[in-house]
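Enquirer: Sharing a structure, written as structure tokens. Questions coming.
The values are calculated or read from the model by the stated rules, or taken from the named source; none is laboratory data. Since the structure is predicted, the reported quantities are computational estimates derived from the model, not experimental observations. In this analysis, Cβ positions are derived from the backbone assuming ideal geometry, glycine residues included, and neighbour counts consider all displayed protein chains.
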Amino acid sequence: METLLEEAFFRALKATDPYRLTLKALPRERPDLILAVGKGAAAMLKAALERYGPVPYHLTLPLGQDPLGLKARFAPHPLPDKRSVQAAEEALELLRGLSPKAHLLALLSGGGSALWCAPLGVSLEEKRALTEALLRSGASIGEVNAVRKHLSRLKGGRLLLATKARVTASLLSDVPGDDPAVVASGPFSPDPSTYAEAMAVLDRYGLNFPGARRVLEEGLRGKLPETLKPGDPALKRLRLRIIGKNLDLLRAAQAFLRGEGHRAVILSDRFGGEARALARFHAELVEGIRVHGVPFKGPLFLLSGGEAQVRVRGRGRGGRNLEFLLALYAHLKAPLYALAADSDGLDGTGGAAGALLTPGVWALGLDPRPYLEENDSLGFFAQAGTLLQTGPTGTNLNDFRLLFVD
């Protein structure tokens, strides 16, 4: 069963490879410049260059990714540094040099928010610290991006405002709901969030960063321009399309499992909230199927996606998928097989994509409580010996969860 779970995950990754998705969606018109950023950017750019031939391009990738022989800028993720700033400044400079007749092709995928960083009114150090605090607070990706957009000269559609060129943007979505304004913080997309909402996020999580608050207060008083809003005339120059999403990943796994003769149901591609609460929901659903045969009769596979959050309280290591599995283990009354992983191959800290739950984990008799108290899901599954190690996959279509209910 462990092999079947892993194969379903890897088959889904193969079916949603960024190269394939991009090749099918490229516009007919040859671009004058290609900007590619994010975890799937190398494969997306490779598809474009094979279609159009030599085209000037700017490629920014996370550290450690294989650039496929392409000249790339590298920057860290999820926290930006000077390399992120340099990559963003180069992209801005290239855009400003384009004429109104030029055609820009933007290839965007998850991770772009950190890889391109152009702070507005705050130092890189403060923006980096604020980003880290937001990620540790348990804030949703929408809340994180509302703040980042209003402290950026690039995000929230400001990259579109920085150029006069016509823009075709192709996006791989790594966010629940597939809102283009959230993918890579929406550098070309209209942004419905406001300075007031960004300030409310800081208040909600008790984050006191004086420089950031000063900038947001200036924006509230109208001393700084807002991000690009729906209805802006600049949007007439934009063609935007989501070419790959979490639901595609789940459907690919579902098709594979059905081809193997198994029943497989997709619960949702939009689950969010705390990883522990999400695990409890899945555990209660499993028990309902086992005891009453509702809302489904077993045996069957349950698939779900989206992006949970982890409120970090301890000093351990792990990620949202590992925390989900650890909490699932704590809630279930009887063993089951399950896999949870980040499609980019790196779930939080520690270098694992995710892990597997198996009856063998229950047989070890490990107590989940001290691991949960320390947010040390990585330590738990390292002890259990069921970590899933893939390395960077070169894509990012959000989270993948697969449970087998016998």
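Enquirer: Can you list residue pairs whose Cβ atoms sit under 8 Å apart, with the first residue in the range 178-192 being assigned by TED's automatic domain parsing to the domain that holds ASN145 and at positive phi and the second being crowded, with 24+ Cβ neighbours inside 10 Å and among the polar types (S, T, N, Q)? Count only pairs 6 or more apart in sequence or on different chains.
Expert: Once the first residue is assigned by TED's automatic domain parsing to the domain that holds ASN145 and at positive phi and sits in the range 178-192, its partners that are crowded, with 24+ Cβ neighbours inside 10 Å and among the polar types (S, T, N, Q) give ASP178/ASN246; ALA184/SER109; ALA184/SER113; SER185/SER113; SER185/ASN145; SER185/SER152; GLY186/ASN145.
Enquirer: Would you confirm whether or not the range 246-268 contains a residue that is β-branched (Val, Ile, Thr) and within 21 Å of GLU143 (Cα to Cα)?
Expert: Initial filter on the range 246-268 (β-branched (Val, Ile, Thr)): 265-266.
Narrowing further to those that are within 21 Å of GLU143 (Cα to Cα): none.
Looking through the range 246-268, none of the residues is β-branched (Val, Ile, Thr) and within 21 Å of GLU143 (Cα to Cα).
Enquirer: Which of the residues that make up the range 1-42 are among the aliphatic types (A, V, I, L, M) and farther than 30 Å from VAL405 by Cβ? Step through it out loud before you land on a result.
Expert: Taking the range 1-42 first, the residues among the aliphatic types (A, V, I, L, M) are 1, 4-5, 8, 12-13, 15, 21, 23, 25-26, 33-37, 41-42.
Correct list: LEU21, LEU23, ALA25, LEU26, LEU33, ILE34, LEU35, ALA36, VAL37, ALA41, ALA42.
Enquirer: Restricting to the range 321-353, what's the tally of residues that are closer than 16 Å to PHE380 by Cα and surrounded by 20 or more Cβ atoms within 10 Å (Cβ to Cβ)?
Expert: Selection size over the range 321-353: 17.
Enquirer: Identify the single condition in (1) closer than 27 Å to ARG270 by Cβ; (2) buried (at least 22 other Cβ atoms within 10 Å of the Cβ) that TYR371 does not satisfy, given that it satisfies every other one.
Expert: (1)
Enquirer: I would also like to ask the following. Against the definition (in a helix (DSSP H, G or I), touching a residue at least 60 places away in the same chain (Cβ under 8 Å), within 25 Å of LEU135 (Cβ to Cβ) and more than 23 Å from the chain's Cα centre (by Cα)), how does VAL201 come out, yes or no? Steps first, answer last, please.
Expert: On the way: in a helix (DSSP H, G or I): yes; touching a residue at least 60 places away in the same chain (Cβ under 8 Å): yes; within 25 Å of LEU135 (Cβ to Cβ): yes; more than 23 Å from the chain's Cα centre (by Cα): no.
So VAL201 fails the test.
Enquirer: Among the residues of the range 274-288, which ones are in a helix (DSSP H, G or I), of a type in the set (Asp, Glu) and in contact with a Lys or Arg (Cβ under 9 Å, 6 or more places away or on another chain)?
Expert: Taking the range 274-288 first, the residues in a helix (DSSP H, G or I) are 275-288.
Filter once more, keeping what is of a type in the set (Asp, Glu): 284, 287.
Listed by number, the list holds a single entry, GLU287.
Listed here are the residues, each with its yes/no results for (1) under 14 Å from GLY121 (Cβ atoms); (2) at pLDDT below 95; (3) among the basic types (Lys, Arg); (4) surrounded by 24 or more Cβ atoms within 10 Å (Cβ to Cβ).
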residue	(1), (2), (3), (4)
GLU197	no, no, no, no
LEU202	no, no, no, no
ASN208	no, yes, no, no
ARG214	yes, no, yes, no
GLU217	yes, no, no, no
LYS229	no, no, yes, no
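Enquirer: Considering only residues of the range 181-198 that are in contact with a Gly (Cβ under 6 Å, 6 or more places away or on another chain) and assigned to a helix (DSSP H, G or I), which is farthest from GLY305 (Cα to Cα)?
Expert: Here the residue is TYR195.
Enquirer: Taking the range 75-86 on its own, how many of its residues are modelled with pLDDT of 95 or more and surrounded by 24 or more Cβ atoms within 10 Å (Cβ to Cβ)?
Expert: 2
Enquirer: Out of all the residues in the range 25-62, which are of a type outside the set (A, V, I, L, M) and either touching a strand residue (DSSP E or B) at 6+ places or on another chain (Cβ under 7 Å) or under 23 Å from LEU154 (Cβ atoms) (or both)?
Expert: Taking the range 25-62 and keeping what is of a type outside the set (A, V, I, L, M), we get 27-32, 38-40, 46, 50-54, 56-58, 60, 62.
Across the range 25-62, the qualifying residues are PRO27, GLU29, PRO31, ASP32, GLY38, LYS39, GLY40, PRO56, TYR57, HIS58, THR60, PRO62.
Enquirer: Surrounded by 15 or more Cβ atoms within 10 Å (Cβ to Cβ) and either in contact with a helix residue (DSSP H, G or I) (Cβ under 7 Å, 6 or more places away or on another chain) or under 30 Å from ALA43 (Cβ atoms) (or both): which single residue out of ARG241, ARG258, ARG251 fits that description?
Expert: Step by step, each of ARG241, ARG258, ARG251 is checked, and only ARG251 is surrounded by 15 or more Cβ atoms within 10 Å (Cβ to Cβ) and either in contact with a helix residue (DSSP H, G or I) (Cβ under 7 Å, 6 or more places away or on another chain) or under 30 Å from ALA43 (Cβ atoms) (or both).
Enquirer: Filter the range 20-48 for residues that are free of Cβ contacts under 8 Å to residues at least 40 places away in the same chain and either touching a Ser or Thr at 6+ places or on another chain (Cβ under 7 Å) or more than 19 Å from ARG241 (Cα to Cα) (or both) and give the result.
Expert: If the condition is that a residue be free of Cβ contacts under 8 Å to residues at least 40 places away in the same chain and either touching a Ser or Thr at 6+ places or on another chain (Cβ under 7 Å) or more than 19 Å from ARG241 (Cα to Cα) (or both), then ALA47 is the only one that fits.
Enquirer: In the range 145-180, which residues are part of a loop (DSSP other than H, G, I, E, B) and either β-branched (Val, Ile, Thr) or surrounded by fewer than 23 Cβ atoms within 10 Å (Cβ to Cβ) (or both)? Spell out how you get there, then give the answer.
Expert: Taking the range 145-180 as the starting set, the residues that turn out to be part of a loop (DSSP other than H, G, I, E, B) are 150-151, 153-157, 162-165, 173-180.
Listed by number, the residues that qualify are ARG153, ALA162, THR163, LYS164, ALA165, VAL175, GLY177, ASP178, ASP179, PRO180.
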